[in-house]
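**Q** This is the structure I want to talk about, given as structure tokens.
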Amino acid sequence: MQLVRTILLLLCVCAAPAHALDARAYIERAVELIESEDYSFARTYLDPAVIDPRLTSGERSRAYYLRGYSFASQGMHVSAFRDYNRALEFHPGNPVVLVEVGLAHAYGRGTDEDKELAFGFFEQAAEEDYAPGHFQMGHAWLMGSGVEKDIEKAREALQKAADDGHGFAMINLAASYRGQHVDDPQPEIAKAWYEKAINSGEPRGHLFLGFMYARGELGEPDHERAAALYQEALDAGVHGAAVNLAYAYLTGTGVEEDVSRAFELYQTAADAGVVSSYVGLAHMYQYGQGTERDVDEAVGWYERAAAAGAQDAMNRLVSIYLGRADEPSRTLALKWSKQAAMTGNAQAHNDYAWLLATSKFAGLRNGPLAVDQAKVAVASEANASYLDTLAAAYAELGNFQLAVATQQSAIEAITSEDGDIRSELEVRLKHYERQEAWRE
């Protein structure tokens with residue numbers, strides 16, 4: 001693994017006394033095991049090495065770092081964070097470890113999320129002229145993560161990393177010239193940086209360049225070119241590209257429609273742990289596209305996606321579970337509706353409130369909570385749909401005077417974008433005027 005070899009060079013220390021050779025040999029053996037991804041076995045060599053009193057401070061720091069890396073590689077972030085900090089105790093200025101500690105703070109891996117604190121660690125690493133340190137600083141300025149967004153500072157830091165061959169810094173530099181980050185996008189410059197990233201050996205450049213062609217950022221949308229770039233990315237090992245390529249085959253966008261191929265690609269991405277593929281794969285199982293219809297298998301994939309935070313998957317689970325007649329399914333529908341609301345999305349708050357207010361099943365209704373959730377949605381945007389839900393929540397609570405007034409406000413808020421919903425809202429208004437709650 002090139003990453004580990006680079007790290008070893010950066011962690012290089014002066015030779016230890018001859019009597020420390022056994023501990024040093026253990027560390028080198030652990031490196032070999034880490035390179036072969038045998039992380040647990042590597043720790044059997046690192047555990048005695050980190051406590052050997054004959055090691056120099058630099059060697060001990062290196063051993064702690066390697067053990068932390070082995071923990072992180074297996075998702076044991078609390079243990080990794082502890083070891084990274086021990087590594088810094090023995091070598092405070094090591095840029096490799098500074099970046100890892102910064103990332104732990106940035107993403108809440110093994111510690112509380114604190115993006116401002118993370119930026120400080122990245123800054124220290126950059127002061128050592130370490131390319132990943134420059135990259136992380138640039139990325140933070142680009143995204144406004146822990147610092148105020150600053151495109152010029154982002155580009156300056158990313159350029160330093162790119163000059164050192166950091167491929168993903170080139171990807172971020174390209175993004176800094178696109179519409180999601182600037183009001184005056186320069187797509188040709190973005191394209192050039194993606195191509196530089198590809199030439200440097202960063203295959204994700206194919207994927208992002210494909211997005212530009214698909215979205216028409218380089219002229220008219222060119223879905224054929226986009227699909228070809230997705231395939232090149234996939235061939236180079238970018239598993240996430242399989243999701244975009246699968247959708248292309250599912251819809252016949254840029255390629256000839258082939259649902260069987262779409263299913264294979266979604267499965268390929270799912271096998272690689274690409275969360276964004278789970279909903280697509282679940283959809284194909286749910287409707288029997290490219291495979292036999294299997295709703296239970298679909299539910300399993302939707303639940304995997306929902307557990308990873310995919311709100312669309314949560315909404316689909318709510319729909320499936322509400323379509324079943326048993327009480328456990330209804331309980332699961334309520335659970336996933338609540339989980340979606342916890343993402344903070346206004347529409348999810350609205351949908352949760354609607355279920356709590358209008359369900360024909362008494363066990364699912366909760367008037368006070370429905371009002372609270374509907375108010376959150378309305379505070380975000382007082383549109384006709386959200387006001388309609390708030391009115392239903394007031395009706396469930398038994399406050400029909402407020403229900404009527406809120407429903408009238410909902411009708412007044414109807415715009416051309418809402419479609420033909422006036423008659424539906426007026427029907428509910430009549431229910432509230434008769435002091436009847438709405439049920440679905």
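The values are calculated or read from the model by the stated rules, or taken from the named source; none is laboratory data. Please read these numbers as outputs of a predicted model, since none were measured by experiment. In this analysis, Cβ positions are derived from the backbone assuming ideal geometry, glycine residues included, and neighbour counts consider all displayed protein chains.
**Q** Given ARG155, ARG204, ARG225, which one is in contact (Cβ under 8 Å) with a residue 24 or more places away in the chain and closer than 20 Å to PHE135 by Cβ? Full working, then the answer.
**A** Working: ARG155 fails: in contact (Cβ under 8 Å) with a residue 24 or more places away in the chain; ARG225 fails: closer than 20 Å to PHE135 by Cβ.
Exactly one of ARG155, ARG204, ARG225 is in contact (Cβ under 8 Å) with a residue 24 or more places away in the chain and closer than 20 Å to PHE135 by Cβ, namely ARG204.
**Q** Let me ask you something else. Only one residue in VAL427, VAL404 is crowded, with 17+ Cβ neighbours inside 10 Å and over 39 Å from the mean Cα position of the chain (by Cα), so which one is that? Reasoning before the result, please.
**A** Values: VAL427 fails: crowded, with 17+ Cβ neighbours inside 10 Å.
Step by step, each of VAL427, VAL404 is checked, and only VAL404 is crowded, with 17+ Cβ neighbours inside 10 Å and over 39 Å from the mean Cα position of the chain (by Cα).
**Q** Does the range 107-146 hold any residues that are among the acidic types (Asp, Glu) and in contact with an Asp or Glu (Cβ under 6 Å, 6 or more places away or on another chain), and which are they? Lay out the reasoning, then the answer.
**A** Filtering the range 107-146 for residues among the acidic types (Asp, Glu) gives 112-114, 116, 123, 127-129.
Across the range 107-146, there are no qualifying residues.
**Q** Kindly indicate whether any position in the range 355-367 is assigned to a helix (DSSP H, G or I), at pLDDT 95 or above, farther than 19 Å from SER319 by Cβ and not β-branched (Val, Ile, Thr).
**A** Within the range 355-367 (the criterion being assigned to a helix (DSSP H, G or I), at pLDDT 95 or above, farther than 19 Å from SER319 by Cβ and not β-branched (Val, Ile, Thr)), the answer is yes, since at least one residue qualifies.
**Q** I've got another one for you. Could you list, in sequence order, all residues of the range 407-424 that are at positive phi and either surrounded by 15 or more Cβ atoms within 10 Å (Cβ to Cβ) or in contact with a helix residue (DSSP H, G or I) (Cβ under 8 Å, 6 or more places away or on another chain) (or both)? Steps first, answer last, please.
**A** Restricting attention to the range 407-424, the residues satisfying the condition of being at positive phi are 419.
Selection gives nothing.
**Q** May I pose another question? For SER329, state whether it is among the small types (Gly, Ala, Ser), within 20 Å of ALA307 (Cβ to Cβ) and under 26 Å from the mean Cα position of the chain (by Cα). Steps first, please.
**A** Values: among the small types (Gly, Ala, Ser): yes; within 20 Å of ALA307 (Cβ to Cβ): yes; under 26 Å from the mean Cα position of the chain (by Cα): no.
When the stated conditions are applied, SER329 does not pass them.
**Q** Still on this model: Determine whether LYS149 is surrounded by 20 or more Cβ atoms within 10 Å (Cβ to Cβ) and of a type in the set (D, E, K, R).
**A** no
**Q** Further question: I'm told ALA382 meets every condition in (1) within 30 Å of the chain's Cα centre (by Cα); (2) of a type in the set (Gly, Ala, Ser); (3) crowded, with 20+ Cβ neighbours inside 10 Å; (4) not in a helix (DSSP H, G or I) except one. Can you identify the failing condition by its number?
**A** (3)
**Q** Right, another one. Would you point out which residue out of ALA131, ALA140, ALA175 is under 21 Å from ALA104 (Cα atoms), in contact with a His (Cβ under 9 Å, 6 or more places away or on another chain) and among the hydrophobic types (A, V, I, L, M, F, W, C)? Before you say what the answer is, go through the steps one by one.
**A** On the way: ALA140 fails: in contact with a His (Cβ under 9 Å, 6 or more places away or on another chain); ALA175 fails: under 21 Å from ALA104 (Cα atoms).
Within the list ALA131, ALA140, ALA175, the selection yields ALA131.
**Q** For residues that are surrounded by fewer than 19 Cβ atoms within 10 Å (Cβ to Cβ) and of a type in the set (A, V, I, L, M, F, W, C), scanning just the range 275-298, find the one that is nearest to the chain's Cα centre (by Cα).
**A** Going through the qualifying residues, I end up with VAL275.
**Q** Now for a different question. So which of ALA353, ALA346, ALA325 is of a type in the set (A, V, I, L, M, F, W, C) and crowded, with 21+ Cβ neighbours inside 10 Å? Show your work before the answer.
**A** Numbers: ALA346 fails: crowded, with 21+ Cβ neighbours inside 10 Å; ALA325 fails: crowded, with 21+ Cβ neighbours inside 10 Å.
After ruling out the rest, the residue left standing is ALA353.
**Q** Turning to a different aspect of this structure: Could you tell me how many of the residues in the range 278-297 are farther than 15 Å from GLU264 by Cα, part of a helix (DSSP H, G or I) and out of contact with any Ser or Thr (no Cβ under 9 Å at 6 or more places or on another chain)?
**A** Here the count works out to 4.
**Q** Which condition number does LEU322 fail, the rest of (1) under 29 Å from the mean Cα position of the chain (by Cα); (2) at pLDDT 95 or above being met?
**A** (2)
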